[in-house]
Structure formats: structure tokens, C-alpha cells
Amino acid sequence: MVTKTEEKQLNRLESQVDNGGGGAWEYLCLVRKLKVRRSVKVLKHGLWILNDSKKRSSLGPEEWTLYEQVAVAAMDCQSLDVAKDCVNVLQKKFPESKRVGRLEAMLLEAKGSWGEAEKAYSSLLEDNPFDQVVHKRRVALVKAQGNLSGAIDFLNKYLETFMADHDAWRELAEIYISLQMYKQAAFCYEELMLSQPTVPLYHLAYADVLYTLGGIENLLTAKKYYSITIDLTGGKNTRALFGICLCTSAIAQLSKGRNKEDKDSPDLQSLASAALEKEYKQRASDKLSALTLAFKTLKVSS
């Protein structure tokens, strides 16, 4: 994840290069280091270097890294002729390279040659079953064709080997949610919370899934994880504060005529609603009346 300082540095350098202040190579290196997608800029500034023989030769071995970077950016921008030229240069330099073979498969994918791309990726995995990039490209390939069940199969197979890949767990969870398979999504977020217990995003997403599933037990657990999210963010997560109020209201509706299922609800609800009112007064005072109306609808008191 890119920090605010890194993003600020990247934006500053990008503005400098765009305005003719130099530093194109430094910018491209930073884009690679941070693993961000700035494809239009990478294509523009990368080609500026590659098309100048002096600038290109001054890079030494890094010249080939730049060809690869520009090739991927060109695919993103659908500049497939440029991508093909870059891949051809790399193919001539490294005729037996699996890394270049991966680029060739990606180019087939970018062209929409799904069958050929799948064959190429499968061949690469036969040679190296532990190539994480190729596994993820196969997932992207089937998703691009709208085959979400295929994406689920590939991701589950991938996670059997690379179970510590947080991005893969998160992607799998999001696919499950898009298919309304909430119990499976909840399992994914449980795995993420076990491996990264201090990341509030996972606690929040887990709470959202449980709230969607509904039922007293799920709502009580959802409220607990909304509370954890609030603790981890220093009380500054608006979505989690709303979650507390929504869970409290839903629990009250479901437990009518029964023993109190949630003894802490009134106090926690009051704290959450008061925090929301304070935040709205500071940041969106013109929407405070809408918040008050929402509280009345939910029968929430501040």
C-alpha cells in the first residue's frame, strides 16, 4: 500500500516531468518501486527515453526493464503495436526467457485472444507451477470473460499454495460478495483478520458481510467488529459508526418481545450517533438534517 508521503513524492515528480523539469527515469523507477499503475504517463515518458538512442543506452541493463515496463503500460492503454514492438525487442534479446513468454501471453490477452492466452499461461505454469504472476493473470483472464466461477476456482487453487497472499484472499472475497455468496466471503475475511489483525479494512468488511447476512447472532458479531474498526481507526471511521447504529436498530427490531439480546447497545449507540453528529457538524453541516432524519427512521437517539 502506498503511503501518503510516497504518493506526494510521486505526484510531485510526475508534475515535474510533465512540465519539462526532467527526472523521467527517476519517475519511472518510482512507479515500479511503488507498484502503481500510471500507464498513460509511463507510456509517454518511457517512449521518450526508448526513442532516444543516447538516453536508452545510458540505462545499461535497465534498458530491458524499461522495455518491459513500457510494454505493460502500452497494453493497458491498448497501444498494442507499441506493446508488440517492445515484446519483440525483448524476445530477440532473451529468446528463452519465461519472463518474456509471460509478456507474450499478456499481449495475447490484451488482444482478446482468450484461448491462445490461456494455452500460453498453462504452458508457463507447466514449466513453473509456482509463478504467482501467471496464476493471477489466469484469474484476470477468466474475469475479463465474465467467468466468475472460473475465477473462484483458480483463486482457490492458487490459495492452496500461496495462502499468505492477502490480495488474493481479498479479491476472492469481493467476487463472492458480487455473487451474494456471503458466508464464503466471511471466511475469506476471517483468514485476512487472522493474518493481519491490525488492518481495520478487513474488520469493517467482515462486519458488513455479517450485517448483510442478518440474524441476531450475525448482527451481534457485526457490531463487535464495527467496534473494533472504530478502535483501530481512533474513532474516525464513519462507515463503522453507521454500522453500529444500523446493527443496534436491527437487533432491537429482531429482539422485540424477548429478553434483551444486547445489553451494551444503548450506550454504544449513543456514543456512535454522537460521534456522527459531531463529524457532520464539522464536515457536512448542510447534511445534518438528513442525518437527524435517518436517526429518527432507525429510532436511534444521540
Acute angle (nearest 10 degrees) that the helix 114-127 long axis makes with the longest principal axis of the chain, alpha-carbon atoms: 80
In degrees, nearest ten, helix 148-161 long axis to first principal axis of the chain (Cα): 80
Computed [θ] at 222 nm, helices only, for the chain once each DSSP H run of length n ≥ 4 contributes -39500 (n - 2.57): -24500 deg cm²/dmol
Per residue, the convex hull volume that the Cα atoms of the stretch 91-168 enclose (Å³): 93
Peptides 48-54, 100-106, 22-28 ordered by average Cβ neighbours within 10 Å, highest first: 100-106, 22-28, 48-54
Within-12-Å neighbourhood charge of Leu276 [Cβ basis; K, R +1; D, E -1]: +4
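Across the stretch 35-87, how large is the tail of the calculated P(r) beyond 13 Å, expressed as a percent of all Cα pairs?
Beyond 13 Å sits 53 percent of the P(r) for the stretch 35-87.
How big is the Cα convex hull of the stretch 30-151 in projection, averaged over all directions, in nm²?
One quarter of the hull surface, i.e. the mean projection, equals 7.9 nm².
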Local net charge near Arg102, Cβ-Cβ under 9 Å (Lys/Arg +1, Asp/Glu -1): +1
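Once the Cβ-Cβ distance between Asn11 and Lys256 is put in as r, and R0 is 51 Å, what FRET efficiency do you end up with, to the nearest 0.05? Spell out each step's value before the answer.
On the way: r = 53 Å, r/R0 = 1.04.
Working from the Cβ atoms, E equals 0.45.
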Eligible lysines near Lys92 by straight Cα distance, threshold 27 Å, same-chain separation 8 or greater: Lys33, Lys35, Lys41, Lys44, Lys54, Lys55, Lys84, Lys111, Lys119, Lys136
Sorted largest first, extent of the chain alpha carbons per principal axis (Å): 77, 47, 29
Helix axis angle, 24-34 relative to the chain longest principal axis, alpha carbon, degrees: 50
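By its C-alpha gyration tensor, with a ≥ b ≥ c as the square roots of the eigenvalues, how is the stretch 189-246 shaped: rounded for a/c under 1.5, else prolate for a/b larger than b/c, else oblate?
Oblate is the answer for the stretch 189-246, as a/c is 1.5 or above yet b/c matches or exceeds a/b.
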For the stretch 79-94, 3J(HN,Hα) per residue [Karplus equation, 6.51 cos²θ - 1.76 cosθ + 1.60, θ = phi - 60°, Hz, x = Gly/Pro]: 8, 6, 5, 5, 4, 5, 4, 5, 5, 5, 4, 5, 5, 5, 6, 10
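Any read-out appearing in this document is the output of simple, stated calculations on the displayed coordinates, not a laboratory observation. For clarity, every value in this text was computed on a predicted model and none was experimentally measured. Note: ideal-geometry Cβ built from the backbone for every residue, glycine included; neighbour counts use all protein chains shown.
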